[in-house]
């Protein structure tokens, strides 16, 4: 397995990071239950000095009720990172004398979302570019795949929301990519294993279902390294966020192993989450269809180029034994999460655009595409363009689409765009009056500039 390459121009890495961050930062969606559950925890810790969200809980139904108090039911990783950010923003607000009209709670949420979710997603896009090039892919083709992943999958909308899926997925897959650079002995080798384990553990601390991928990654480490010492360093790194989670659970519920989802405040949520293991029972064919090909939540209908990951796995396997472990990890991750999502009682993900629970494993569909022969480009590139257009549509309107809508993208979102009912953004707030047509033009211009930039950068390598 080749190490991650260092042969990408620095200006291209910085340009890609800024390009993605600007796009992810542009959309300011109205907060929903999911992100408010995390934001309430941030405000409670900073303003009240407690984990209880009693003072704020009425703005969300995603909450736990334990011993007479309300708590966020979400995995606390992103929220706890948001605590110092919120405290810093509030301190700046006080010394500058800004009132609520200047820096409202909504603007604070937008800033925290950008600094956490937007920055992490953009950094991961750059890291994934390095990995694809290290596999022997040309810089231009790798860049197009990154555009497809970052803007043409449901990663795009969930990089603009304060949800845990993309944050956790980026953490865990960064841990996986760091292991590809770990091809030397000595102190650096074990530091990388330690960091990889920490990121895997923090991914679980940020989105509980990712524990399935963390366990898989642990097996991959042992399979790859073939010694208990390396595995021990990886587990040592993962134990730090695991300990933080146990402490958090104990402070919240008096039981280190009781997560908020097991004490839902809503009666229906509580009843369903008590079935099986936190609402996960067994796979249903109807749910599996729903999250793959249905108009309601079909991943491959919304992001059609991801279908090419299937032949990609075939060509990746043909590359030989050197990549067999990575092939096994990626394929296992996809299958495990498909079965998990099809087994979860709320497989559709509530108010969402696409099957949001699958967001963490989408890089495992992108990596095999690096091995597609050039003859597939005639299909790959148009499908990436269509996928980006679909995701731009859903993201500009608001990816938190009511689950009562049977055709969220081609019915609801398209209708909202034609009516210019779009999410808040700097253009709207500055009175520029951006319309649906302007959004499409902006998309074409932005992608054109990005592709021109990578062409010039690669020619000057």
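Data overview
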| quantity | calculated |
| --- | --- |
| Verdict on residue 55 being over 20 Å from residue 268 (Cβ atoms), modelled with pLDDT of 90 or more and surrounded by fewer than 23 Cβ atoms within 10 Å (Cβ to Cβ) | yes |
| Of residues in the range 386-410 being out of contact with any helix residue (DSSP H, G or I) (no Cβ under 7 Å at 6 or more places or on another chain) and touching a residue at least 60 places away in the same chain (Cβ under 8 Å), the one farthest from residue 136 (Cα to Cα) | 406 |
| Flag if residue 163 is within 19 Å of residue 394 (Cα to Cα) and either modelled with pLDDT of 90 or more or outside any helix (DSSP H, G or I) (or both) | yes |
| Answer from 278, 214 - the residue that is under 19 Å from residue 164 (Cβ atoms), buried (at least 19 other Cβ atoms within 10 Å of the Cβ) and out of contact with any strand residue (DSSP E or B) (no Cβ under 6 Å at 6 or more places or on another chain) | 214 |
| Search result, residues across the range 71-108 that are at pLDDT below 90 and touching a strand residue (DSSP E or B) at 6+ places or on another chain (Cβ under 9 Å) | 106, 107 |
| Tally, over the range 395-425, of residues that are modelled with pLDDT under 90, part of a loop (DSSP other than H, G, I, E, B) and surrounded by 17 or more Cβ atoms within 10 Å (Cβ to Cβ) | 3 |
| Which numbered condition residue 134 misses (of (1) within 23 Å of residue 391 (Cα to Cα); (2) surrounded by 20 or more Cβ atoms within 10 Å (Cβ to Cβ)) | (1) |
| Some residue of the range 157-178 being more than 29 Å from residue 387 (Cβ to Cβ) and without any contact (Cβ under 8 Å) to a residue 40 or more places away in the chain | no |
| Any chance residue 258 is part of a loop (DSSP other than H, G, I, E, B), modelled with pLDDT under 95 and either surrounded by 16 or more Cβ atoms within 10 Å (Cβ to Cβ) or in contact with a helix residue (DSSP H, G or I) (Cβ under 9 Å, 6 or more places away or on another chain) (or both) | yes |
| Every pair of residues 6+ apart whose Cβ atoms lie under 6 Å, when the first sits in the range 257-268 and is touching a residue at least 40 places away in the same chain (Cβ under 8 Å) while the second is part of a loop (DSSP other than H, G, I, E, B) | 260/73; 261/73; 261/278; 266/61 |
| Evaluation of residue 25 against (1) surrounded by 16 or more Cβ atoms within 10 Å (Cβ to Cβ); (2) modelled with pLDDT under 95; (3) outside any helix (DSSP H, G or I) (one fails), failing number | (3) |
| Residues that are in contact with a strand residue (DSSP E or B) (Cβ under 9 Å, 6 or more places away or on another chain) and assigned to a helix (DSSP H, G or I), drawn from the range 43-57 | 44, 57 |
| Residue among 121, 90 that is more than 24 Å from residue 151 (Cβ to Cβ), part of a helix (DSSP H, G or I), touching a residue at least 40 places away in the same chain (Cβ under 8 Å) and touching a helix residue (DSSP H, G or I) at 6+ places or on another chain (Cβ under 9 Å) | 90 |
| Test set (1) surrounded by fewer than 17 Cβ atoms within 10 Å (Cβ to Cβ); (2) in contact with a helix residue (DSSP H, G or I) (Cβ under 8 Å, 6 or more places away or on another chain); (3) at pLDDT below 95; (4) closer than 28 Å to residue 332 by Cβ - residue 227 fails condition number | (2) |
| Segments classed as helices (runs of 4 or more DSSP H), wholly inside the range 307-381, with at least 2 members that are at pLDDT 95 or above, under 30 Å from residue 404 (Cα atoms) and touching a helix residue (DSSP H, G or I) at 6+ places or on another chain (Cβ under 9 Å) | 324-343, 363-369 |
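The values are calculated or read from the model by the stated rules, or taken from the named source; none is laboratory data. The structure presented is a predicted model; accordingly, all values stated were derived computationally and were not measured. Quick reminder, even Gly has a Cβ in these numbers, built from the backbone with ideal geometry, and neighbours come from all protein chains shown.
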